[in-house]
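Input: a single structure, listed below in C-alpha cells.
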C-alpha cells in the first residue's frame with residue numbers, strides 16, 4: 001500500500017508551534033485517495049474531549065491518531081506503524 005503525508009513546504013518553520021499546540025490536521029493520500037487525519041498529543045486530546053463533552057455531550061473525531069508529541073517524526077512513525085499493521089487503508 002502506498003501513502004503520502006502532505007506536509008506544507010514550510011512545515012519545519014512552524015513545527016515548534018504545532019508541537020506546542022498539541023494537535024495538527026494533515027491530509028494523507030492512501031492508494032490515490034486523500035484522507036484528512038488529525039494528530040493529537042494526550043494532553044491536548046483530553047482538553048478537546050472535556051470541552052466537547054461540556055458543550056455538546058459527545059466527542060467524535062474521525063481518523064484521529066494520538067502520539068506522545070505532535071512532531072513530524074512522530075507523525076511519520078505513526079503512519080508507518082498504521083501501514084504495517086494493516087489499519088491504514090483508503091475508504
Open item on the list: Please pick out the residue among 8, 19 that is surrounded by 13 or more Cβ atoms within 10 Å (Cβ to Cβ) and over 11 Å from the mean Cα position of the chain (by Cα).
Closed with: 19
Open item on the list: For segment 75-91, which positions are surrounded by fewer than 17 Cβ atoms within 10 Å (Cβ to Cβ) and within 17 Å of residue 18 (Cα to Cα)?
Closed with: 76, 77
TODO: All but one of (1) modelled with pLDDT under 95; (2) more than 12 Å from the chain's Cα centre (by Cα) hold for residue 52, so report the exception by its number.
DONE: (1)
Open item on the list: Name the single residue that is nearest to residue 3 (Cα to Cα) among those in segment 24-81 being in contact with a helix residue (DSSP H, G or I) (Cβ under 8 Å, 6 or more places away or on another chain) and assigned to a helix (DSSP H, G or I).
Closed with: 72
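The values are calculated or read from the model by the stated rules, or taken from the named source; none is laboratory data. Just so it is clear, the structure is predicted and the values come from calculations on it, not from any experiment. All Cβ positions, even for glycine, are placed from backbone atoms using ideal geometry, and neighbour counts span all protein chains on display.
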